[in-house]
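Data block below; observations after.
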Amino acid sequence: MLWLPECGSTNTEARELIGQNRATEGCTVITDCQTAGRGQRGNTWEALPGENLTLSVVWRPVFLAATAQFRLNLAVALAVHDWAQGLLGPDPALRVKWPNDLFYHEQKLGGILIENTLNGSQIHWSVVGIGLNVNQVNFGVTTATSLALLKGHAFGLPPLAEKLLECLERRYLQLRGGQHPALHAEYLSKLYRFQEWHHFGVNGQPTAGRIVNITDAGQLVLEQTNGQMRSFGLQEIRHL
């Protein structure tokens, strides 16, 4: 465990450990203040200092082919969901939003950014970056929430970090044990707007459809109103 009072990005720090041959599987970089956190689609991740969990875990999933790297997202997203469910209870409003955000109703509770290093056709190293809104109660957007807002009280961060790492390890061992089909099915069962008709932005154009599956490559499979099935990558589709 490497604790930093402040850093630009825990993912960047973890990747530097790998580059310096100082990383071991499971090592974790955690900070109270992340000044240049990154999210999906090139977005930034903003968190007030000392109020939330921002950390990165290093894994070495050499058992996974590069073409199957989205399986890591399944395991991590479910681990984060496990963590939140342990605090909020079995609430159907708690969902994983594709590819790997944590949502409560229509608001974001956390985000995940996984960066993989490949060695030929296999994954060599993975840096699993996680940001979770815990004690922050004021946000610059209305689409974010936190545990403190949902539960009405603040939380001690160290016990929550320890519990999160336990959840991550359990799901990672499940993936390493070859239980991908079970992870995939459980991910779909917790997926935001799964099997619900909804409007999406597809290559900039509004399209009605419903999510029916996720491919092994991580593409969203959408059934459109004309019955046609189409698969979309991260940069091709958005929830509206």
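The values are calculated or read from the model by the stated rules, or taken from the named source; none is laboratory data. Computed from a predicted structure; not experimentally measured. Neighbour counts run over all protein chains shown; Cβ positions are idealised from the backbone, glycine included. Please note that ligands, DNA and RNA were not included when accessible areas were found on the heavy atoms of the full protein model with its side chains. Shrake-Rupley method; radii C 1.70, N 1.55, O 1.52, S 1.80 Å.
With each run of n ≥ 4 DSSP H residues scored as -39500 (n - 2.57), what mean residue ellipticity at 222 nm is computed for the chain after dividing by its residue count and rounding to the nearest 500 deg cm²/dmol?
That calculation yields -8500 deg cm²/dmol at 222 nm.
Could you work out the local net charge near Ala75, counting Lys and Arg as +1, Asp and Glu as -1, over the other residues with Cβ closer than 11 Å to its Cβ?
Summing Lys/Arg as +1 and Asp/Glu as -1 gives +1.
At a 10 angstrom cut-off on C-beta neighbours, averaged per residue, how do the peptides 175-185, 123-133, 101-111 rank from highest to lowest? Intermediate results must be reported in sequence, preceding the final value.
Details: 175-185: 13.8, 123-133: 23.6, 101-111: 20.5.
Ranked from most to least packed, the peptides come out as 123-133, 101-111, 175-185.
Using a simple spin-label model with points 7 Å from Cα along the Cα→Cβ vector, what separation in nm is obtained for Ala68 and Ala208?
3.9 nm
For the stretch 1-142, what does the relative contact order come out to in percent, with C-alpha contacts under 8 Å and a separation of six or more?
26 percent
Tell me, what % of the accessible area of the chain is carbon and sulfur with a 1.4 angstrom probe? Working shown, then result.
Numbers: 5530 of 11170 Å².
That fraction is 50 percent.
Skip the ligands, DNA and RNA, and give the accessible area per residue of the chain with a 1.4 Å probe, whole Å².
The answer is 47 Å² per residue.
Once you keep just the Cα pairs under 8 angstrom separated by 6 or more residues, what percentage relative contact order results for the chain?
Values: 466 pairs, mean separation 41.7, N = 240.
Computed value for the chain: 17 percent relative contact order.
Among the complete DSSP H segments of the chain, which ones combine at least 20 Å of alpha-carbon extent along their axis with a mean Kyte-Doolittle hydropathy of 0.5 or more?
Details: long enough: 70-88 (27 Å, 0.94); 157-176 (28 Å, -0.25).
For the chain, where a helix must reach 20 Å along its axis and average at least 0.5, the hits are 70-88.
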